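Let me begin by presenting the structure, written as structure tokens, before commenting on it.
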Amino acid sequence: MRTKLTTVVFGALALPFLAGCATKGFVRKELATQRTSIDSSFAMERSERMAGDSALRGDIQMLRRDLDSLRTEFSVKITALENGMQFAMPVNFAFDDASVRSEDMAALDKFAEVVQRHYAGSKITVEGFADPAGSTRYNLRLSKQRAESVKSYLMEKGMTEVAAIGFGESRQVVQGAERDEPGAEKNRRVVFVVESRGDAGVAIVEQPGN
């Protein structure tokens, strides 16, 4: 009788212990499962981040190549601005004329290609200029017409966010040069401003003075 009672008492005392062991085992299993899940999430995030970094490096390298192509093939001068980039294109006009010349179309085609590849969604402003021949009012109107002509050409190439503005005879490249004088053609030009809208990847590739 005493032996049975002892067995019963022992069994009763052992139940909480066994239950505790089972509970601890379950907790350990759950913790292990959570750790595995967290480790997997970290691994996936790191893989995605590395892939993103690799893609970004590839985009920057391509952008550098395209900008270098504009410089070397078309003598484009590129300057980093606070909120974007300025492209001084060798796109010029005949005296008292606002038509896009056939010899300038290749440079405009390349510019349109680069903008659509790297500056999608950015606002593009075409700034037109004139030489100092004629009145200030007339030159303002003529420079705006030149900017509008280039804007129309770029939009035919698929660009959308394009604005045009005329600055007349201001910011002359060759001071005072007009009509058929040396350097006058450089005053009859367009300049492009690309507002990058906070795209840091655009500005970091530019070197001062380029």
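The listed residues are A107, A112, A130, A147, and the only one of them that is aliphatic (A, V, I, L, M), within 21 Å of A184 (Cβ to Cβ), touching a helix residue (DSSP H, G or I) at 6+ places or on another chain (Cβ under 7 Å) and assigned to a helix (DSSP H, G or I) turns out to be A107.
Cβ separations smaller than 9 Å between residues 6+ apart or across chains give the following pairs from region 51-79 residues that are assigned to a helix (DSSP H, G or I) to residues that are of a type in the set (D, E) and at pLDDT below 90: L67/E206.
Scanning region 150-161 for residues that are part of a helix (DSSP H, G or I) and buried (at least 16 other Cβ atoms within 10 Å of the Cβ) yields V150, K151, Y153, L154. The residues in region 128-159 that are within 20 Å of M105 (Cα to Cα), of a type in the set (D, E, K, R) and touching a residue at least 40 places away in the same chain (Cβ under 8 Å) can be counted, and the count is 3. Just checking, does region 181-190 include any residue being part of a strand (DSSP E or B) and at pLDDT 95 or above? Yes, the conditions are met somewhere in region 181-190. Number of residues in region 115-127 that are under 14 Å from V162 (Cβ atoms) and in a helix (DSSP H, G or I) equals 2.
The values are calculated or read from the model by the stated rules, or taken from the named source; none is laboratory data. As the structure is a computational prediction, the values presented were derived from the model and not from experiment. FYI the Cβ positions are ideal-geometry reconstructions off the backbone, even for glycines, and counts take in every protein chain you see.
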